[in-house]
Amino acid sequence: MGLFIAQILTGLANAGALFMVASGLSLIFGVTRVVNFAHGSFYMLGAYVGYSLMQALPGVAGFWGAILLAGLIVGVIGVIVEICVLRPVYRAPELFQLVATFGVILVIQDLTLMIWGPQDLLGPRAPGLKGIIRIMGEPVPQYDIALIAITPFVAIGLWYLITRTRVGTLVRAATQDREMVGALGVNQSWLFTGVFFLGCALAGLGGALQLPKGGADLLMDFSILGAVFVVVVIGGMGSLPGAYLAAVIISILNVFGVTYAPQSTLVLMFVVMVVVLMIRPFGLLGKEEVAGEHGQTGEPERPIKPAGPRIRLLVTTLLVILALLPLYSGNFAVVLVTDIMIFCLFAASLHFMLGQGGLVSFGHAAFFGGGAYAAALLVTYASTPMELALVLAPVSAGLAAIVIGWVCLRSTGVYFAMLTLAFGQLLWSLAFQWGDVTGGDDGLVNIWPSAWASDNTVYYYLAFTLCVGGILLLRQAAHAPFGYALRAARDSTRQAEATGINTKRVQWVAFTFAGTMAGLAGGLFVFSKGSIFPNELETARSFDALIVVFLGGVKTLSGGWVGGAFFEGAKDYLTRFEYWRLTLGLLIIFVVILGPEGIVGSLRKAGERIGLLKTPEDAT
Amino acid sequence: MSPILSVRNLSRNFGAIKAVDDVSFDLAKGELLALIGPNGAGKSTCFNMLMGQLRPSSGTVQLMGKNIAGMQPRKIWRMGVGRTFQITATYVSMTVVENVQMALISHHRRLYSLTSFAHKLYRDKALALLETVGMADQADRHCAVLAYGDLKRLELAVALAHDPVLLLMDEPTAGMAPRERIALMQLTADILAQRGISVLFTEHDMDVVFAHSHRIMVLNRGQLIAEGTVDEIRNNRQVQEVYLGGGTLFKAAEDDAHA
Amino acid sequence: MLELKGVNSFYGKAHVLNDLNFSVDRGRVVALLGRNGAGKTTTMKSIMQLVRPRTGTVTYQGQDITGWSSHRVARNGLGYVPEERRIFTQLTVAENLEVGRQPPREGCTTWTEDMVFDLFPNLAERRQNYGKALSGGEQQMLTIARTLMGNPAFILLDEPSEGIAPVIVEQMARAILQLKQDGLTVLLSEQNLHFAQAVADGVVIIEHGTQQFVGSLADLQAHPDIRDQHLSI
Ligand SMILES: Nc1ncnc2c1ncn2[C@@H]1O[C@H](COP(=O)(O)OP(=O)(O)OP(=O)(O)O)[C@@H](O)[C@H]1O
Ligand SMILES: Nc1ncnc2c1ncn2[C@@H]1O[C@H](COP(=O)(O)OP(=O)(O)OP(=O)(O)O)[C@@H](O)[C@H]1O
Ligand SMILES: [Mg+2]
Ligand SMILES: [Mg+2]
């Protein structure tokens, strides 16, 4: 009994930092519609900055002062990021800012590494609270009790600010229609900056507060991000009491998980999230998401047209150059381009459901990695030949997509995105923790192509055929009635449903289609590499694809593969340098600010400006 | 002749608010029936229940003898009911004609086709429909840049795409210029005469209502308070009080204008 | 009080407003008339700087406000009632009004919640309703009420009578006349000519973004040909 209570108390204490980071994220998302992937980085900065301050400031006052100061400093850093990186892209297509924040993550990672070095820092213990107290015989750190006491005050303060003050009302109004708030005389850019400050300060505060419990390390940005997203979603986007409740549930669950089911820790919170969202599609205390509000979506998407003769010529030329590649370049280039093409197919599949269907998935790697694992398992355990495995990989991914899509599509918007993330994590932890079958961390190796295709050049042509074919098929689907129906469901669900379109089913089929194509890419990938590891299922992989789509241009038809080629190429080149993350991050931010329509969108505009491309009569 | 639509004891509550309270009426084939009433009387709620967007708290809705209350909108649409919305809903990423084509594609059940080009399907039929609402010249414009009034006409073209037997129009002429309003309702009346479809519509513009409706029902606080011909309604004391108003101010301005 | 000089506005490459020149004097109600798509809404947005005129200037109370951010324009006493309503559906009626509230302005009526509820009794009953649970007409009333809460000296009304029951439209016309008496200046975009005639002093007619007629209501009434040519009545 005593142990039980002690564990609950530990969970409650852990919930403190989690709640602060999550409420910050939720606030920022609520107002700016920016899904701030960099939020974990601000949390990490809070820990590092807090650490340095604690070294400098002595005593009890110094300790608590350092925590508050760390929050303030991180808040100010957040403001700088908001002004320099986000402001220029608020007018870009919805969720485009996501790419920018991804760039910020990379930059902060390398900067932290430069300043504080690679070693983990052990947090100092809180002066005056170093001891433990005994509850029913079990030791509970005094600092935990302090955290348990502090968090509710922060929560109530925030709640009061948002629901009971004028600023809070403005913030909630801006969540929905910032342009209108501006037209009513409110300086919305400062409102945004203020919210960003508050959100980041909360993250920094969370990071500094947990120092005595966890210290600071370079992985904490990503490791908290998953939990934070889960908390925000379970609690309900924008609901502070919800976030608190969810933070407590998740933290306590984690404590018990570690004790009683260490095998399942990684999966546990995602399973909880899936269950909650199945019952309440908008979280425990959340309200229905309204998508596509005024003033946030950037310019309306243009109607699509099949490519004109010039573009066709350009693409054909490109394809010919690609097809002839093995004739004029070395083995290295052939392998590299194979990888790039596979990645392009993966990105194009996500782009199809994202661009045409507005379905933002944070877990598309589940199908890429899923297809790859399916092929690898078939080869390893059933000695399946490559040809059959390449058929079964997309089929398995498609089957998985049918099931996952059914669950995820019960929710919409961010909730949908989070559910896909959860399933991605689920598959990943399965591959990671079910070592007997999947080889766990060691992965599956020796998955080579059939003899006839084992030559790099032959495999290149195989990948070329399947990837180009797949991308063209996705493109055809966009022009076909199916692609139109998908866009109809996105543009106006109400009108679509009122004219006989079963929007959910259309989206479900699209989800499955995209999953199948990603599975094909995964199958090709595994035979190209000869091995597969759990990291192909990781959320980071899904993010890669997402970033690529935005980078290429969501509101264009070719954004997926163009972005894929650019990103994969740049990454391959940059990873040879020490601070490659910094460079890649800056590059991403740079592209985002210069070309908020993505590479293809910007090129198209440039083309129209210099008269190379015809401007549609209504171009905006 | 049996009615196309027959509504019995239809009610809908939102918490304590009785938005629609025990409404019953019939709609005959070829009839143009207006539903008017003050703001918040429950007209849109009524429409939403007829079209399946909202589930009635109680009551039945029979379309040609079949109860459709509580059915999904897309099923009701397939049974031959078209509608336009009070706040327009169109596909902003498509061109005007593609919006109509989309409804035609859905009607012909080609939604899952992958082999054809959507922008080529049923284009002629779609253009003909746009012609009837006078939008043919804007067929290839981007829907996102249309003026509000044009969106309304586009919605009408979309609603006519599947040759409906019944058309529900929630404030069809809102946002349009006066002459175009009359023209649109004239158009609706013509279509109705040609194709024998029935129309139920709401409107706050009395010029439109009085010029075209065959019969008028008045809803106030969820209840039907009057029903009758144009003249009966125009001269109904209670309707004047809760809805029509005296019109004295406007009459004075009008007189000035002609003075 | 407000003056447009050579205003040209674009959406991308589409030239929507072509050389607009007109002014609105203090305490007057000017109706902006024109067919669908003529550019009435765009004119209003160009005044509010929600659409930035590419050339030309908008002067308000002697200051050149072109290029200002729209919140600054609003802070200077210009209130905007958009045609698409754009109420905050996730906020209650009372909170919607709160968003619109601004400090009292010299020489302007200082509106309180009770005063706008007197003007629109429908809203009073729904004070705690969420915006999304309002009927179309109630939303329209809320948009106007919300803008009034900013104590504007000048108000841009984009089709305010749209979707409102005739009794209330008449009530609203009376209210506008009353507001005019209190010194409010109004630029009104309207399709409802009864309404415009009842409240307006001056008229500006635009067609395809070009202004076709500027004058008083009486001038227009004296030239029925202009009316017939440019307005579809
Ligand atoms: N989801 C909801 N929750 C609570 N109340 C609602 C909801 N939807 C509508 N109402 C209320 O029900 C009443 C009827 O609304 P409805 O939209 O049917 O009115 P209407 O007759 O169409 O009015 P208008 O002419 O202004 O469009 C209104 O008072 C409205 O506030
Ligand atoms: N965002 C936009 N992008 C491109 N063109 C637009 C955009 N918004 C409006 N337009 C075009 O600008 C022109 C003027 O539109 P505006 O909305 O100002 O007309 P309006 O006079 O207010 O019409 P209505 O009476 O229907 O409201 C129209 O031709 C319209 O198609
Ligand atoms: Mg209504
Ligand atoms: Mg307009």
Carbon and sulfur %, accessible surface of the protein assembly as shown computed with the full protein complex present, 1.4 Å | 60
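What accessible area, summed over both chains, is buried at the B-A interface (1.4 Å probe, Å², nearest 100)?
The summed interface area works out to 3200 Å².
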Computed over the protein assembly as shown, protein heavy atoms only, probe 1.4 angstrom, the accessible area per residue in square angstrom equals 37
Can you give the FRET efficiency for residue A:457 and residue B:124, using 1/(1 + (r/R0)^6), R0 = 56 Å, r = Cβ-Cβ distance, to the nearest 0.05?
-> 0.65
HN-Hα J in Hz across segment B:76-89 - Karplus 6.51, -1.76, 1.60, θ = phi - 60°, x for Gly and Pro = 4, 4, 5, 7, x, 10, x, 8, 10, 9, 5, 9, 4, 9
Taking R0 as 22 Å, what's the FRET efficiency between residue A:305 and residue B:114 from their Cβ-Cβ distance, rounded to 0.05?
-> 0.75
Go ahead and set up a Gaussian network model of chain C, Cα springs under 10 Å, then flag whichever of C:25, C:201, C:118 fluctuates most.
-> C:118
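For the peptides A:523-529, A:171-177, B:238-244, what is the packing order when you average, over each peptide's residues, the other Cβ atoms within 10 Å and list the highest mean first? Could the numbers behind the result be given before it?
Values: A:523-529: 25.6, A:171-177: 23.7, B:238-244: 17.6.
Final packing ranking: A:523-529, A:171-177, B:238-244.
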The C/B contact buries a total accessible area, at probe radius 1.4 Å and rounded to the nearest 100 Å², of 2800
Search the structure for amide H atoms under 5 Å from the amide H of residue B:35, placed 1.01 Å from N in the peptide plane, and list their residues when 5 or more places away or on another chain.
-> B:201, B:202, B:203, B:217
Considering chain B as a Gaussian network with a 10 Å cut-off on Cα pairs, which listed residue, B:37, B:175, B:246, attains the greatest mean-square fluctuation?
-> B:246
Within-15-Å neighbourhood charge of residue C:225 [Cβ basis; K, R +1; D, E -1] | -2
Once the whole set of protein chains is in place, how much accessible area is left on residue C:85, using a 1.4 Å probe, in Å² to the nearest 10?
-> 20
What are the ³J(HN,Hα) values, in whole Hz, obtained from phi via the Karplus relation 6.51 cos²θ - 1.76 cosθ + 1.60 with θ = phi - 60°, for each residue of segment A:594-599 in sequence order, with x given for Gly and Pro?
-> 6, x, x, 9, x, 4
Taking the Cα atoms of the protein assembly as shown, report the difference between the largest and smallest coordinate on each principal axis, in whole Å and largest first.
-> 93, 72, 60
Crossing angle, helix A:59-81 versus chain A [Cα axis fit, 0-90 degrees, rounded to tens] = 30
Using only alpha carbon pairs under 8 Å that are at least six residues apart, calculate the relative contact order of segment A:2-220 and give it in whole percent.
-> 47
Along the Cα-to-Cβ line of residue B:234, 7 Å from the Cα, sits a label point; which residues in segment C:161-177 have backbone N less than 17 Å from it?
-> C:166-167
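Which value, in square angstrom to the nearest 100, describes the accessible area buried between chains C and A on both sides, using a 1.4 angstrom probe?
Working: alone 10670 and 26020 Å², together 34360 Å².
Interface area, both chains combined: 2300 Å², rounded to the nearest 100.
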What is the sum of charges around residue A:566, taking Lys and Arg as +1, Asp and Glu as -1, for the other residues whose C-beta is under 13 Å from the C-beta of residue A:566?
-> -2
Given the C-alpha centroids of segment A:213-236 and segment C:105-133, what is the distance between them in whole angstrom?
-> 44
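What percent do you get for the relative contact order of chain A when only Cα pairs under 8 Å and 6+ apart count?
20
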Can you spot the lysines whose alpha carbon is less than 18 Å from residue B:66's alpha carbon? Ignore those fewer than 8 places along the same chain.
-> B:29, B:75
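Run the numbers on chain C and let me know its relative contact order in percent, using alpha-carbon pairs under 8 Å that are six or more apart. Don't skip to the end; give the middle numbers.
Working: 462 pairs, mean separation 64.7, N = 233.
Rounded, it is 28 percent for chain C.
Keeping all protein chains in place and using 1.4 angstrom, which order do A:328, A:90 fall into by accessible surface area, from largest down?
Working: A:328 130, A:90 25 Å².
Final ranking, largest accessible area leading: A:328, A:90.
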Roughly how many whole Å is it from the C-alpha centroid of segment A:20-75 to that of segment B:123-190?
-> 56
Hey, in the GNM for chain B with a 10 angstrom Cα cutoff, which one of B:137, B:205, B:26 fluctuates hardest?
-> B:137
At R0 = 56 Å the Cβ-Cβ FRET efficiency linking residue A:314 and residue A:61, nearest 0.05, sits at 0.25
Taking a temperature of 25 °C and a viscosity of 0.890 mPa s, what whole-number D in µm²/s does Stokes-Einstein yield for segment B:78-236 with Rh from Kirkwood over alpha carbon pairs?
-> 148
Residue-wise, which Karplus ³J(HN,Hα) couplings in Hz belong to segment B:12-27, taking 6.51 cos²θ - 1.76 cosθ + 1.60, θ = phi - 60°, and x for glycine or proline?
-> 8, 10, 10, x, 7, 6, 8, 5, 10, 10, 6, 9, 9, 6, 10, 10
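When the convex hull of the C-alpha atoms of chain A is computed, what volume per residue in Å³ does it have?
Working: hull volume 100.1 nm³, N = 620.
Residue-normalised Cα hull volume stands at 162 Å³.
Within 10 Å of each candidate Cβ there may be at most 10 other Cβ atoms; applying that plus a DSSP loop requirement, which GluC sites (Glu not before Pro) in segment C:104-171 survive? Mind showing how you got there, number by number?
Values: sites: C:106, C:113, C:125, C:138, C:162, C:170; in loops: C:106, C:162.
Those that pass, being in a loop and sparsely packed, are C:106.
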For the pair residue A:580 and residue A:391, the simple spin-label estimate (label points 7 Å beyond Cα toward Cβ) gives in nm 3.8
Would you mind working out the magnitude of the charge dipole of chain A relative to its Cα centre, with +1 at each Lys and Arg C-beta and -1 at each Asp and Glu C-beta, to the nearest 20 Debye?
-> 1160
Which residues, if any, in segment C:58-102 have at least 40 Å² less accessible area in the whole protein complex than in the isolated chain, probe 1.4 Å?
-> C:71, C:86, C:88, C:90, C:91, C:95, C:98, C:99
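How big is the dipole moment of chain B about its Cα centre under a simple scheme where the beta carbon of each Lys and Arg is +1, that of each Asp and Glu is -1, and everything else is neutral? Debye, nearest 20, please.
Values: 27 positive and 26 negative charges, 264 e Å.
Here chain B has a charge dipole of around 1260 debye.
The values are calculated or read from the model by the stated rules, or taken from the named source; none is laboratory data. This is a predicted model, so every value here is computed, not measured. Methodologically, a virtual Cβ is constructed for each residue, glycine included, from the backbone with ideal geometry; neighbour enumeration extends over all protein chains shown. Areas reflect the complete protein model, heavy atoms only, side chains present, ligands, DNA and RNA absent. Shrake-Rupley method; radii C 1.70, N 1.55, O 1.52, S 1.80 Å.
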